[in-house]
Amino acid sequence: MNKKSIIKIKGGKVGMIGYGMLTSLESIQDILNSPYHGAIYQVHLEGFQRAWNFACPNNDPILQDDYLEYESFFIKNNQHIPFEKTIFLNIIENKAVQLNCSLFFVSPQELAVFDDFELGYKRIDVTHQISEYQFENGKVYAYKALPTYELNALADIDKCIIDQNYLDLVHSSYDALGIESRKEFDHTTVPPNPKLVAPVVHRKIRR
């Protein structure tokens, strides 16, 4: 077995795993609302695979007030059809899989920003599940759906939509890393149900 390289985490920072849109530097900076000048490593997370099974109600009270001012509709056959929940990417346990992902480092203040952004997810410790490295002086985290936000295939299937723009954003993040990275993404991801993918529009609710 090859010995892992050591990363010494400095300055009280923590490692963060991006396995979807957060493989993109642009997305990281959009969430932080500031430039990110740290290192980004391409690594593998052991024991997990991606799945399109995070289902968030569009009127969930944990969402920011700005979001709750809008109704969501998916477009099919030129019709605008309301739906109840939006599906996002998640990770699920699978000991046979090592998913390709990005590793970057954030301060405690920046970590709080990501915690606020990843509503409905819990932050889990994956420090010892990175194939390429072992870590000193800090931990590495990934976000995984809380059980109450996991898609119920029977109860939710007629209520949920994957926004085509979000799916495209995730795919483009991996396309930007190269052909092999995108192939590996597809191989380590439970594919979305194509019937649930559609363009989405949002309309402000009239008071």
* Asked: So for region 126-186, what percent of the C-alpha to C-alpha distances run longer than 14 Å?
  -> 74 percent
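Sort 19-26, 164-171, 151-158 by the packing proxy (mean of other Cβ within 10 Å over each peptide's residues), most packed first.
Most protected by this proxy first, the peptides run 19-26, 164-171, 151-158.
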* To do: Starting with the highest mean, order 91-97, 101-107 by the number of other Cβ atoms within 10 Å, averaged over the residues of each peptide.
  => 101-107, 91-97
* Asked: Fully extended, how many nm does the chain gain between Ile6 and Lys159 (0.36 nm per residue separation, minus their Cα-Cα distance)?
  -> 50.5 nm
* Hey, which of these cross-link pairs are over 19 Å Cα-Cα: Lys95/Lys159; Lys13/Lys139; Lys95/Lys144; Lys76/Lys159? -> Lys95/Lys159
* Rg to Rh for region 74-207: what is it, with Cα atoms only and Rh by Kirkwood? -> 1.00
* Could you rank the peptides 42-54, 115-127 by their average count of other C-beta atoms within 10 Å per residue, with the highest value first? => 42-54, 115-127
* With a ≥ b ≥ c the root eigenvalues of the C-alpha gyration tensor of region 19-121, is it rounded (a/c under 1.5), prolate (a/b larger than b/c) or oblate? -> oblate
* **Crossing angle, helix 108-117 versus the chain [Cα axis fit, 0-90 degrees, rounded to tens]** => 30 degrees
* Structure fact -> Here the percent of antiparallel bridges among DSSP beta bridges lying wholly in the chain, to the nearest 5, is 75 percent
* Asked: Given N residues in region 1-46, what is Rg(Cα) / (2.2 N^0.38 Å)?
  -> 1.34
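Values quoted throughout were computed directly from the atomic coordinates according to the rules given, and no laboratory measurement underlies them. As the structure is a prediction and not an experimental result, all values here were calculated from the model. Cβ: placed from backbone, ideal geometry, glycine included. Neighbour counts: every protein chain shown.
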